[in-house]
Amino acid sequence: MITRRRFGQVLCASLLATIAGPRIWAAPNDADAQLDEFFEAIFQRGLDRSPIQQSRLGLYRNQDKWDDLSEARRLESHQLAMQDLAALRHFDAAKLSPQARLSYRMFERFTEESLRNWRWRRHDYAVTQMGGMHTRVPSILLNSHPISTAADAESYIRRLEGVAVLMAQVVEELVRQEAAGIRPPRFVFPLVIEPCENMLKGAPFEAGADSPVFADFKAKLAESAIPASARAALVQRAAGALKEGFAAGYRHLISHLRASEAKADDVAGVWKLPDGAAYYDAQLQSYTTLPVKAPDIHSLGLVQVARIHDEMRAIMKRTGFAGDLQAFFQHMREDPRFYHDDSDAGRAAYVTEAEKLLAEIRTYQDRMFKVLPKADVVVRPVEAWREKSAPKASYTNPPQDGSRPGIYYINLADMKAQPRYQLPVTLYHETIPGHHIETCIAHEMQGLPKFRRFASIAAFSEGWGLYSERLPKELGLYADPYDDFGRLSLELMRACRLVVDTGIHAMKWTRKQATDYLDRNMPSSHYDNQREIDRYIVLPGQATSYYVGMQKILELRERARTRLGPAFDMRAYHDMVLGDGPLPLPLLEEQVDHWIAAGGKARMKT
């Protein structure tokens, strides 16, 4: 799963130094160069304002700091966005090359959207089981803060000390949200409190094994070039920083969450929030990048659910199963051959199976793409401390310094939630040909503004991910009917999302109503369905981006196939879709139409 879609968030947190990449656009003219300088200055300003994003990208200028989450900083960012939009309009778009005009339009579109959505800045829940600073802190420390020198270790310690101030800012925002009538449903609070408490278990907080962060610090220190004589003092200082600033920050957050939990209600939908209906409309349009409405999305979901059920019945007959679809669902949930054991050996077997599938799909890359990324991807289990709140699977892109590959995370806390028949489709979505290819192609690109290469556009990225689930079938994979059933089960989940997301947030469905709908229509377990519904509740609209995006990519592919006839090349089409970085769907459609008009062979370079 790739995260938030708002351009304002991406822009203010945007990121990175230019690197060599597979696609190189032609040298810009003077007007293009001036516009690129403008974009670069804004990009670097956003990067300078976000030490967290610097760490994520392997840029270690401010390793000892966290982001400023204060209200003053947010107001300043809003003012800067208004200034940026005014400055953009001093450029003469008529003098720009096609690619520069596309950059101009993207920047204008998303900055305007960010400014329009300023009114909703309190409505996005600050911490949920799906994310927030409470999980971002350990994730950055463990995954994006290397220790090679004493200076790196010192920065790590200062970051531990700085957690107290950081979490105080999180609590201040929670107080502002609550004063505005914004509070997540009651069920969210235990799911946030538990990982916070897990951060304070073990040494140096109590007897026992080292806590996750303390263990990470020690392990990195042991592998560093720091003299052994200096390590003991650094470990002692880290222990002190954990027991003081780090623990104080988490305890402050936990205390506030417990008090807030007592005042929470059980209403799931954002219709309950101030101007909640208008907020949800804005969410749908922001996530899908289209002028969609909840009733239309809901109807689309119902139609697609019925279609996929029919395809599943056909597979059921191929397997020789005697019974109706609900009985087949029950069979798929209960037959032990579809699951690895809920044991260390079972988890290891699952990882091994995933690694074999990843190696296999690598051999098909050249049949899907002409342009491939340089970065590799590996399989890793989700860390134990966040298993209960983490999604079933996710992808984390590699840092730009090449210090590690992309990571495909799989959550093995509950092996019944990871059926083997869903392993291929999930892996294809997150790795190859899915998010790993899509993300790294954009990140490794040369000659496009960084705000485009690192943009986060859910309809594009998640639409590509869902599209990537069906591509292997077109190559002859999913030969086992149960694997093909797994593919359909995840497409079904995305279609059901259209129904339940709009049901919860526009039609006032309860959490139970939404879960019951999945229980009736999905082969997954009740526990798994509940977790999915809980996700949709705290990320209103996000779940609709997958199916809407996939439909557009398929629609454009068939348009290209029809108009180009024998000249249509599937690999060229994929390179076309990914070759401009993430795009809003209307702009993607324009680019594909230009490509078709050019014969579908050569990119239009500036």
query = Of all residues in the range 224-244, how many are farther than 21 Å from residue 386 by Cα, at pLDDT 95 or above and part of a helix (DSSP H, G or I)?
reply = 13
query = Going through the range 160-212 one residue at a time, which ones are in contact with a helix residue (DSSP H, G or I) (Cβ under 9 Å, 6 or more places away or on another chain), of a type outside the set (A, V, I, L, M, F, W, C), within 28 Å of residue 269 (Cα to Cα) and in a helix (DSSP H, G or I)?
reply = 169, 172, 173, 176, 178, 190, 195, 197
ask   = Which residues, taken from the range 453-498, are farther than 21 Å from residue 332 by Cβ and of a type in the set (D, E, K, R)?
value = 453, 462, 474
ask   = If you check 547, 527, which single one turns out to be modelled with pLDDT of 95 or more and among the aromatic types (Phe, Trp, Tyr)?
value = 547
inquiry  = If I ask for residues that are among the aromatic types (Phe, Trp, Tyr) and closer than 28 Å to residue 457 by Cβ, which ones from the range 518-547 would you list?
reply    = 536, 546, 547
request  = Take the range 449-477 and flag every residue that is among the polar types (S, T, N, Q) and either touching a Gly at 6+ places or on another chain (Cβ under 9 Å) or over 13 Å from residue 439 (Cα atoms) (or both).
outcome  = 461, 468
query = Taking only pairs six or more apart or across chains, which ones have beta-carbon atoms under 7 Å, a first residue in the range 135-150 that is part of a loop (DSSP other than H, G, I, E, B), and a second residue that is surrounded by 20 or more Cβ atoms within 10 Å (Cβ to Cβ)?
reply = 145/55; 145/63; 145/156; 147/153; 147/156; 147/221
key: Wholly enclosed helices (runs of 4 or more DSSP H) of the range 40-130 bearing at least 2 residues touching a helix residue (DSSP H, G or I) at 6+ places or on another chain (Cβ under 7 Å) and either among the acidic types (Asp, Glu) or modelled with pLDDT of 95 or more (or both)   = 71-88, 98-116
request  = Of the conditions (1) farther than 21 Å from residue 367 by Cβ; (2) surrounded by fewer than 16 Cβ atoms within 10 Å (Cβ to Cβ), residue 479 clears all except one; give me its number.
outcome  = (1)
task = Test residue 487 against the stated conditions and say whether it is surrounded by fewer than 18 Cβ atoms within 10 Å (Cβ to Cβ) and either part of a helix (DSSP H, G or I) or touching a residue at least 60 places away in the same chain (Cβ under 8 Å) (or both).
result = no
inquiry  = Can you go through 206, 197, 173 and tell me which one is free of Cβ contacts under 8 Å to residues at least 60 places away in the same chain and either closer than 30 Å to residue 530 by Cβ or of a type in the set (A, V, I, L, M) (or both)?
reply    = 197
query = Only one of 327, 306, 282, 314 is closer than 28 Å to residue 128 by Cβ and of a type in the set (Gly, Ala, Ser); which?
reply = 282
remark   = Note on residue 348: of the conditions (1) of a type in the set (A, V, I, L, M); (2) closer than 29 Å to residue 550 by Cα; (3) part of a helix (DSSP H, G or I), unmet is (2)
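Yes/no matrix, rows are residues, columns are (1) polar (S, T, N, Q); (2) out of contact with any Asp or Glu (no Cβ under 6 Å at 6 or more places or on another chain); (3) assigned to a loop (DSSP other than H, G, I, E, B):
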| residue | (1), (2), (3) |
| --- | --- |
| 317 | no, yes, no |
| 321 | no, yes, yes |
| 332 | no, yes, no |
| 355 | no, yes, no |
| 360 | no, yes, no |
| 371 | no, no, yes |
| 379 | no, no, no |
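The values are calculated or read from the model by the stated rules, or taken from the named source; none is laboratory data. Everything quoted here is computed from the prediction, not taken from an experiment. Cβ coordinates were reconstructed from backbone atoms using ideal geometry, including for glycine residues, and neighbour counts include every protein chain displayed.
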